[in-house]
């Protein structure tokens, strides 16, 4: 129920005309997995490959950041409606322990960023026997 409320609130805020935000563009993502990999598919229409950066921090947080630049070709145009979103964006995702961070791969094709996160067998916790005296 709380999630639905958040969605309704987001829809309401998006419909307010001429709102100003530091980051008004937030790419939509799908995260799926199969037996061997986790995949993140980020929708980045109108974003150039050179304007996207993917990083993984030491604490296993994958971040997609970049900028969708607005093209202004004719300065004398009067907008009757402006719905396309532009600006910088940043999305972050905590990676599970079973992802091989050193083997992560990213491809950008037709406005879709696909990040492949190979899975590894989770390490089993070491067990140390304590001698009882």
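Below is a table of values for the structure above.
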item	result
Qualifying residue in the stretch 76-97 (condition: surrounded by 11 or more Cβ atoms within 10 Å (Cβ to Cβ), in contact with a strand residue (DSSP E or B) (Cβ under 6 Å, 6 or more places away or on another chain), part of a loop (DSSP other than H, G, I, E, B) and modelled with pLDDT of 90 or more)	yes
Close pairs (6 angstrom Cβ cut-off, 6 or more residues apart or separate chains): more than 16 Å from residue 35 (Cα to Cα) in the stretch 97-114, part of a loop (DSSP other than H, G, I, E, B) anywhere	111/44; 111/45; 113/44
Tally, over the stretch 115-128, of residues that are under 21 Å from residue 36 (Cα atoms) and free of Cβ contacts under 8 Å to residues at least 60 places away in the same chain	5
Number of the condition not met by residue 31 [criteria: (1) over 16 Å from residue 89 (Cα atoms); (2) at pLDDT 85 or above; (3) surrounded by fewer than 10 Cβ atoms within 10 Å (Cβ to Cβ)]	(3)
Flag for residue 57 being surrounded by 10 or more Cβ atoms within 10 Å (Cβ to Cβ), more than 20 Å from residue 109 (Cα to Cα), under 16 Å from the mean Cα position of the chain (by Cα) and modelled with pLDDT under 85	no
Residues of the stretch 102-133 that turn out to be more than 17 Å from the chain's Cα centre (by Cα) and outside any loop (DSSP other than H, G, I, E, B), as a count	4
Which numbered condition residue 45 misses (of (1) within 14 Å of the chain's Cα centre (by Cα); (2) more than 30 Å from residue 121 (Cα to Cα); (3) surrounded by 12 or more Cβ atoms within 10 Å (Cβ to Cβ))	(3)
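The values are calculated or read from the model by the stated rules, or taken from the named source; none is laboratory data. Because the structure is predicted, anything quoted here is derived from the model rather than measured. Please note: Cβ atoms are built from the backbone with ideal geometry, for glycine as well, and neighbour counts cover all protein chains shown.
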